[in-house]
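Please treat every number below as a calculation from the coordinates, not as lab data. Quick caveat: nothing in here was measured; it's all calculated off a predicted structure. Neighbour counts run over all protein chains shown; Cβ positions are idealised from the backbone, glycine included.
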């Protein structure tokens, strides 16, 4: 494996990530040549991962998600010859993804692996399997929302999900902290720090728990609602209030949706107090089950819009309803590289035909390989992060 240097790659973290990914690729099982199509967050930390994917297979298309695309990274990737689709000319849709997948399979004689985020590729994968058979090797899925999408399908190809992997635990907790960081950065521009506010967290999975913990740490009073009674019970034992949902909505100063499955509905708007701040820790298309009418107001800071309630009041919508932490590049540190290593291992497990048909978690032997390699590159001899 060639060793990366600061002179060739830039900052220390980028060098560390490059070396981690490439050693991991070296120690993972051998694999046959194949093509890759990626749905991707194009953020400043992504270039080493894109390079690692290119070493795993032949990158045929990188399809960026609009709300998580850094324009500088996008232009640099295109200038470097990475086949990034022009999301401004052709917005990312399930139909556009299917068109891309068909083009790749028709113009190449190799098999194809799809790297997915949030189930964007699910329809394309099912269609491609029916049209091209075993040449569609399978899918790797990153998120809980996407995991749920694939769970509902009758799959005759492998889908390896890292969403419920132990590798994700640290990332999900830190993602909650990054959500609250971005929420407070914007609310402070309204003169409203979190301290003393009542924050309602809708959804108490791993990300929701991280959001609640971070909000409490910033001096907020935190209410929790989850459709699962066991999660509400857990929230209560951890010191959070679990009021009736309608009451919680009426009392909340700030509402953060973290279900990944629809947390705020049209019927809820009547319950929002005037001036309530609404943010998504997941995705607009998942957290809000109604069209989001965005009204710009010159008196509000950028990225905060008005959402009119049925009573004529207004709520304030952060980041146009998109995942708020992507405003600050969703930075969570080395834990992200651990998950990205899991994605690489999942890709190899599908390419090397070690993954079963249907949806499955990353196999234990791959988990161990990823974790051992990550510790080697990111942990100092004294046991602390480098």
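In nm, give the distance between the simple-model label positions of residue 234 and residue 132, each being 7 Å from the Cα along the Cα-to-Cβ direction.
3.9
Mean-square fluctuation check for the chain, GNM, Cα pairs under 10 Å: which of 260, 208, 191 is largest?
191
Calculate the all-directions average of the projected area of the chain's alpha-carbon convex hull, and give it in nm².
Answer in nm², one decimal: 20.1.
At 222 nm, what value in deg cm²/dmol follows for the chain if DSSP H runs of at least 4 each add -39500 (n - 2.57) and the sum is divided by all its residues, to the nearest 500? Walk me through the numbers before you get to the answer.
Values: 14 runs with 157 residues, N = 386.
Using -39500 (n - 2.57) per qualifying helix, the result is -12500 deg cm²/dmol.
Would you work out the relative contact order for region 174-322, in percent, from Cα pairs under 8 angstrom that are 6 or more residues apart?
So the answer I get is 21 percent.
Using 0.36 nm times the number of residues separating residue 289 and residue 375, minus their current alpha carbon distance, what extension gain do you get?
26.9 nm
Multiply the residue gap between residue 250 and residue 80 by 0.36 nm, knock off their C-alpha separation, and tell me the result in nm, one decimal place.
56.1 nm
Mind giving me the nanometre distance, one decimal, between the label points for residue 54 and residue 103, set 7 Å out from Cα along Cα→Cβ?
Output for this residue pair reads 1.9 nm.
Bins of 10 Å, beginning at zero and ending with the bin holding the largest distance: percent of Cα pairs per bin for region 159-299, please.
Calculated P(r), rounded to whole percents: 12, 44, 35, 8, 1.
Given a cut-off of under 8 Å on Cα pairs at least six residues apart, what relative contact order in percent is computed for the chain?
Once normalised by length, the contact order is 17 percent.
How do 129, 185 rank when sorted from fewest to most other Cβ atoms within 10 Å of their own Cβ? Could the numbers behind the result be given before it?
Details: 129 18, 185 14.
Ranked by crowding around the Cβ, least crowded first: 185, 129.
By count of other Cβ within 10 Å, fewest leading, how are 350, 126 ordered?
With the sparsest Cβ surroundings first, the list reads 126, 350.
Of all beta bridges DSSP finds with both residues in region 174-322, what is the antiparallel percent, to the nearest 5?
Of all bridge pairs located within region 174-322, approximately 25 percent are antiparallel.
Under the rule a/c < 1.5 gives rounded, and otherwise a/b versus b/c splits prolate from oblate, where does region 1-118 land using the Cα gyration tensor?
Cα axes put region 1-118 in the oblate bin.
For residue 360 and residue 241 in the same chain, what is the full-extension length gain: residue separation times 0.36 nm, less their Cα-Cα distance, in nm?
Stretched fully, the residue 360-residue 241 segment lengthens by 39.3 nm.
Order of 341-348, 111-118 by packing, highest average Cβ count within 10 Å first?
Highest-to-lowest ranking by the protection proxy: 341-348, 111-118.
Of 107, 16, 187, which is the most mobile in a GNM of the chain whose springs link Cα atoms less than 10 angstrom apart?
Largest GNM mean-square fluctuation: 107.
If you average the C-alpha positions of region 129-143 and of region 163-204 separately, how far apart do those two centres end up, in angstrom?
Cα centres, region 129-143 to region 163-204: 34 Å.
Between residue 328 and residue 11, how many nm apart are label points set 7 Å from Cα along the C-beta direction?
Using points 7 Å along Cα→Cβ, the separation is 1.5 nm.
For region 200-247, what does the alpha-carbon gyration tensor say about shape, rounded, prolate or oblate, given a ≥ b ≥ c as the root eigenvalues, a/c under 1.5 as rounded, and a/b over b/c as prolate?
prolate
Sort 168, 386 by Cβ crowding within 10 Å, fewest neighbours at the top.
386, 168
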